[in-house]
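K.L.:
First, the structure itself, so that you have it in front of you.
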Amino acid sequence: KINSQGGIKGKNVKLLVEDDQYNTQKTVDAYNKLVNIDGARILLVNTYGGVFAIADKAKNDNVLILDPLDCNNNLVSINPNIYCLATESESIAKVLAGDINAAGAKKTGILYFNSDSFMPLVKEVFLENFKGQVVINEGYVAGTVDFKTQLTKAIRAGAQNLVLLGYDELGIAMKQARELGFKGKFYGTGTFTSPGLQKASAGASENSLIAFWDAPKDKEPAKSFTAEFAKKQGRPAIFDLACYPTYDAVNVIAEAISKGSSNVNDIKQNLLQIKDFAGVTGVVTFSADRSVKIPESIHILKNGIPVPGDK
């Protein structure tokens, strides 16, 4: 869209894409290629652990990193080259704890992915805000396929809910929990919308309660963007809280360049000057800590689709 309108100061945007498969080492490899071979000086990075892994390199190389999937204090405190425009990580935990607290369910079990630092962060904030009893609090590693030991422990301890913080493996955990007789509710994150997780759960993920954010599609400019996206892709965005912030991230970077130069130091300063930008996520204004934090809210998974909890 930017290029069709003449680019930025008459120059076209060139998009270079590397798939790091949410693998921190591959994030480093992708960084080295994009920066050292392709000459990129602005990177959008979706892999949470990957941001930490390349942060020192980005500072030394004066490369701007913008995370459009996760936004929290830990990220932006790494160094001055890290920015984020995304849903607020801490709000995920607060939303889940708040809903369980309001429901009055006292006994809750937690399983969390501990092969990166994101889900442990959500878990810690959840513990700070949860008012009930945690009957199990255990991590699991990537690729786990058998959760029966942890689940049996939680069920025997009388868990009324299971807070599952992780990725596609948790579909297996849900299926196994139901097979073991667990009758309570599953709570989790936007990763529950993953087709892979839902397939692995064999239907057990339905009616789960998740912290999620969906775009304001009844308002402009999100309304028009949604239509344009569906026309181009043949379907709506699968994951609002990845797609819409990424679109805004590209647009605010373009805006920052248009206000100065393509020099990274100028772009960094101009991003902080952006106020009340009309984005598809809403009104975008960067805080002094280089963040735009979008709060999440409770949703219910209905037919695999997150529906706001108040509907």
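K.L.:
Based on what the data block shows, is Gln176 open to solvent by 50 Å² or more (accessible area, probe 1.4 Å) and of a type outside the set (A, V, I, L, M)?
P.N.:
no
K.L.:
Here's a follow-up. Need pairs with beta-carbon distance below 8 Å; first residue touching a residue at least 40 places away in the same chain (Cβ under 8 Å) and within region 232-261, second of a type in the set (Lys, Arg); sequence gap 6+ or separate chains.
P.N.:
Qualifying pairs under 8 Å: Ile257/Lys9; Ser258/Lys9.
K.L.:
Of everything in region 259-308, what is more than 19 Å from Ala215 (Cβ to Cβ), of a type outside the set (Gly, Ala, Ser), under 21 Å from the mean Cα position of the chain (by Cα) and open to solvent by 20 Å² or more (accessible area, probe 1.4 Å)? Give them in sequence order.
P.N.:
If the condition is that a residue be more than 19 Å from Ala215 (Cβ to Cβ), of a type outside the set (Gly, Ala, Ser), under 21 Å from the mean Cα position of the chain (by Cα) and open to solvent by 20 Å² or more (accessible area, probe 1.4 Å), then Asp289, Arg290 are the ones that fit.
K.L.:
Can I ask one more? Of all residues in region 181-221, which are open to solvent by less than 70 Å² (accessible area, probe 1.4 Å) and of a type in the set (A, V, I, L, M)?
P.N.:
Leu197, Ala200, Ala204, Leu209, Ile210, Ala211, Ala215
K.L.:
From (1) farther than 30 Å from Arg178 by Cα; (2) aliphatic (A, V, I, L, M); (3) in a loop (DSSP other than H, G, I, E, B); (4) open to solvent by 70 Å² or more (accessible area, probe 1.4 Å), pick out the condition that doesn't hold for Ile238.
P.N.:
It fails just one condition, (1).
Matching residues to (1) of a type outside the set (S, T, N, Q); (2) within 21 Å of the chain's Cα centre (by Cα); (3) modelled with pLDDT of 95 or more:
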residue: Thr193; (1), (2), (3): no, yes, no
residue: Ser208; (1), (2), (3): no, yes, yes
residue: Ala211; (1), (2), (3): yes, yes, yes
residue: Lys223; (1), (2), (3): yes, no, yes
residue: Glu228; (1), (2), (3): yes, no, yes
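K.L.:
How about region 16-93: which helices (runs of 4 or more DSSP H) wholly inside it have at least 3 residues that are in contact with a Phe, Trp or Tyr (Cβ under 8 Å, 6 or more places away or on another chain)?
P.N.:
Fully inside region 16-93 and qualifying: 48-61.
The values are calculated or read from the model by the stated rules, or taken from the named source; none is laboratory data. The structure displayed is predicted, hence computed values, not measured ones. Glycine also receives a Cβ, built like all others from the backbone with ideal geometry; neighbour counts cover every protein chain displayed. Surface accessibility is based on the protein's heavy atoms, side chains included, excluding ligands, DNA and RNA. Shrake-Rupley method; radii C 1.70, N 1.55, O 1.52, S 1.80 Å.
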